[in-house]
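Novice: Structure provided below as structure tokens; questions to follow.
Each value in this text was obtained by applying a stated rule to the coordinates, not by laboratory testing. As the structure is a computational prediction, the values presented were derived from the model and not from experiment. Heads up, the Cβs are rebuilt from the backbone with ideal geometry, glycines too, and the neighbour counts pull from every protein chain shown.
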Amino acid sequence: MLEQLEQFKTQADKAITSANTLQELRDVEVHFLGRRGKLALLLQQLRDLPQEERPAAGARANELKKDLIAALAHRAESLKGGTPASTSHVLDITWPGERMPYGHIHPLTRFLRLVTSIFSSMGFEIIEGPEVESTKYNFDLLNIPKDHPARDVWDTFFVRSPEGVKSAEGDLVLRTHTSPMQVRAMETRTPPVRFIVPGRVYRHEATDASHEAMFYQCEGLVIDRGIRVTDLLGTLKIFLQTLFEKKVKIRVRPEFYPFVEPGLDIDMSCLLCDGKGCPACKQSGWMEMMGSGMVHPKVLTNMGVDPKVYSGFAFGLGIDRLMMLYFGIDDVRLSYQSDMRFLEQF
Ligand code: FA5
């Protein structure tokens, strides 16, 4: 009997220290000291003990009861006093979890993917080119010779070549447009071709709502027999209507680019102000979207293509400005400021 009483004590002590709330402690009390609890059962067995063993067992049982009541009161005090003694063991699986913040693709990348997917569906190959370019490809082969005033149009960042290395292709620059890829890509291709070149370009610009010093362009080149200006206009119109999912107003203006003849600028009615005039379109109601034209015979020759057999058109889309109209953004610089208040809107 005495052995059973000691086991009872060990179990009860353990249960009391494991109780982490007052309710749990109350359950322990009922389990061990309640009317039908463990101690009550043991006391019932006292009657069956031989006469001489009863007093010692009875005394021990009473002692244990007192100790237990004191231990319960002590534990209750510490639980009432604040946090349970062993909070690290508390696991409430019904507590709502912490929300994990998750990111998403940058709106510019998302838009670029949309643009490339439209051209891809029209049968255009998608290629990329170097951002550090030589003046040979950025200017010379595009019919913009050294010291020609047309070079001034593109305010250029020059890159210092590694010491002692003199490039046969002239100085290194951060490409000012994606057009150098017209000739580069044609070094490994023969007509008919149809490709676009999306990518970053750099200009030493004074920035404003529609000008950044680093921005995205998407070059396009199509060369085949019998390509005409109407093919250029039709392609761009279908592209813009697929992109905006509605009829869009465009305006075609003659423009000089040394690598095309004739050269055309394509403007789109400003969707931000509905053509009424705003800071983004410089109050004109139109936004210049791209330069374009029929590939100059000299450039075709530089590509190794016979201008008497083939003709082609090229265009250079301003991705950032097109994205502004697409999402209704009124300042091109917002894309590059990593401002969460802007990015979280997409
Ligand atoms: C060019 O860069 C020519 N390479 C385009 C071209 C390609 C003409 C093929 C003919 C044939 P331009 O400098 O106009 O052209 O730039 C093209 C487009 O880039 C502009 O229409 C405009 O949408 C965008 N763009 C130009 N400068 C900036 C700038 N600083 N910030 C944001 N977008 C710009």
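Novice: How high is the relative contact order of the chain, in percent, with contacts defined as C-alpha pairs under 8 Å that are six or more residues apart? Can you show the working numbers first?
Specialist: On the way: 512 pairs, mean separation 47.9, N = 346.
Relative contact order of the chain: 14 percent.
Novice: Could you tell me what percent of the DSSP beta bridges with both partners in the stretch 107-343 are antiparallel, to the nearest 5?
Specialist: Here the antiparallel bridges make up roughly 95 percent for the stretch 107-343.
Novice: Now for a separate question. Using θ = phi - 60° and the Karplus relation 6.51 cos²θ - 1.76 cosθ + 1.60, list the HN-Hα couplings for the stretch 199-207 in order, rounded to whole Hz, with x at every Gly or Pro.
Specialist: After applying 6.51 cos²θ - 1.76 cosθ + 1.60, I find x, 7, 10, 9, 9, 7, 9, 7, 7 Hz.
Novice: I need the trypsin sites (Lys or Arg not before Pro) found in the stretch 5-43, filtered to DSSP loop residues with at most 11 other beta carbons within 10 Å of theirs.
Specialist: Passing sites in the stretch 5-43 are R35, R36.
Novice: Rounded to a whole number of µm²/s, how large is the Stokes-Einstein D of the stretch 209-346 at 10 °C and 1.306 mPa s, given Rh as the Kirkwood radius over C-alpha pairs? Write down the numbers at each step before the final one.
Specialist: Details: Rh = 16.2 Å.
For these conditions, the coefficient is 98 µm²/s.
Novice: How would you rank S311, S120, going from fewest to most other Cβ atoms within 10 Å of each one's own Cβ?
Specialist: Fewest-to-most ranking of S311, S120: S120, S311.
Novice: For a 23 Å ceiling on Cα separation, which of these pairs sit above it: K249/K308; K38/K80; K9/K66; K136/K282?
Specialist: Details: K249/K308 34 Å; K38/K80 26 Å; K9/K66 11 Å; K136/K282 34 Å.
Pairs exceeding the cut-off: K249/K308; K38/K80; K136/K282.
Novice: Could you tell me what a quarter of the Cα convex hull surface of the chain works out to, in nm² with one decimal place?
Specialist: Values: hull surface 133.7 nm².
For the chain, the mean projected area of the Cα convex hull comes to 33.4 nm².
Novice: What number does the stretch 235-308 give for Rg over Rh if you use C-alpha atoms and the Kirkwood radius?
Specialist: On the way: Rg = 15.4 Å, Rh = 13.9 Å.
So for the stretch 235-308, dividing Rg by the Kirkwood Rh gives 1.11.
Novice: Angle, helix 2-18 long axis vs. longest principal axis of the chain, Cα atoms, 0 to 90°, nearest 10?
Specialist: Approximately 30 degrees, to the nearest ten.
Novice: Going out from 0 in 10 Å bins, what whole percent of all Cα-Cα distances in the stretch 2-80 drops into each bin?
Specialist: Result returned by the calculation: 18, 50, 24, 7, 1.
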